[in-house]
Amino acid sequence: MKLKPIVLLGMLVILAIVGTLLAMQKTSNSGATPGKLGGDFTLQDNTGTVSLSDFDGKLKLLFFGYTHCPDVCPLTMANVKVALKQLPEDVRGQVQTVFVSVDPERDTPDHLNQYVSFFDPNFVGLTGTKEQIDQVVRQYGAFYRIEKGDDTEANYTVSHSARVYLIGKDNEIKQYLYHDSKSEEIAEAIQKQLASN
């Protein structure tokens with residue numbers, strides 16, 4: 001039986017979508033193909049410009065989100081906060097949490113600083129122009145989409161990826177964690193990475 005070209009095309013599209021979805025699912029493989037994603041970038045906090053390389057010599061926990069997020073972002077930030085509290089003080093001092101906003105319209109540097117400081121005064125919140133943020137998002141293989149019903153809607157949501165990037169002292173991505181990773185899992189990943197340095 002011959003398939004019509006339109007049916008064949010439809011099947012190929014469906015297979016491509018399924019393949020993409022499967023690839024996006026989190027797996028137990030924590031390898032992050034170092035060298036292909038990540039790297040240094042420069043954005044702004046409430047004091048001026050900040051680069052990822054400003055935290056050389058520390059592990060970095062990098063997360064993309066926005067302050068008006070109703071669930072994923074506060075859960076992630078809370079889990080990271082609890083994970084760090086489980087670690088000895090000297091270990092905590094070797095870790096920097098960096099929150100990059102994908103909502104520059106509402107997340108001013110001052111507002112972002114207030115948000116991250118609520119969880120931990122040592123957390124850093126970064127923002128920039130849409131173009132700057134888009135560049136960093138691409139660099140890390142993340143994504144986001146602003147969900148505005150119309151251009152005047154002020155109370156919009158933002159769909160975004162929910163990975164936490166564990167970045168080594170050498171600035172290479174070492175492991176992916178997630179918004180629903182338990183605090184114990186995050187703490188263990190940090191200790192394991194520090195032990196391997």
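Find the residue count for the range 142-153, including only residues that are in contact (Cβ under 8 Å) with a residue 60 or more places away in the chain and either out of contact with any strand residue (DSSP E or B) (no Cβ under 8 Å at 6 or more places or on another chain) or within 17 Å of T42 (Cα to Cα) (or both). Residues flagged as in contact (Cβ under 8 Å) with a residue 60 or more places away in the chain and either out of contact with any strand residue (DSSP E or B) (no Cβ under 8 Å at 6 or more places or on another chain) or within 17 Å of T42 (Cα to Cα) (or both) within the range 142-153 amount to 1.
Taking the listed residues Y165, Y156, the one that is of a type in the set (F, W, Y) and under 13 Å from the mean Cα position of the chain (by Cα) is Y165, with no other qualifying.
None of N171, N197, N155 is among the polar types (S, T, N, Q), touching a helix residue (DSSP H, G or I) at 6+ places or on another chain (Cβ under 8 Å) and at pLDDT below 95 except N171.
Inspection of the range 154-165 finds a residue satisfying the criterion of being under 23 Å from S183 (Cβ atoms) and either free of Cβ contacts under 8 Å to residues at least 12 places away in the same chain or of a type in the set (V, I, T) (or both). In the range 168-180 there is no residue matching the filter, namely being over 14 Å from the mean Cα position of the chain (by Cα), surrounded by 16 or more Cβ atoms within 10 Å (Cβ to Cβ) and closer than 25 Å to D107 by Cα.
For the range 91-130, a residue qualifies if it is among the aromatic types (F, W, Y) and under 17 Å from F64 (Cβ atoms), and the qualifying residues are F99, Y115, F119, F123.
The values are calculated or read from the model by the stated rules, or taken from the named source; none is laboratory data. Just so we're clear, the structure is a prediction, and the values are computed from it rather than from any experiment. Here the Cβ is made from the backbone with ideal geometry for all residues, glycine too, and neighbour counts use every protein chain on show.
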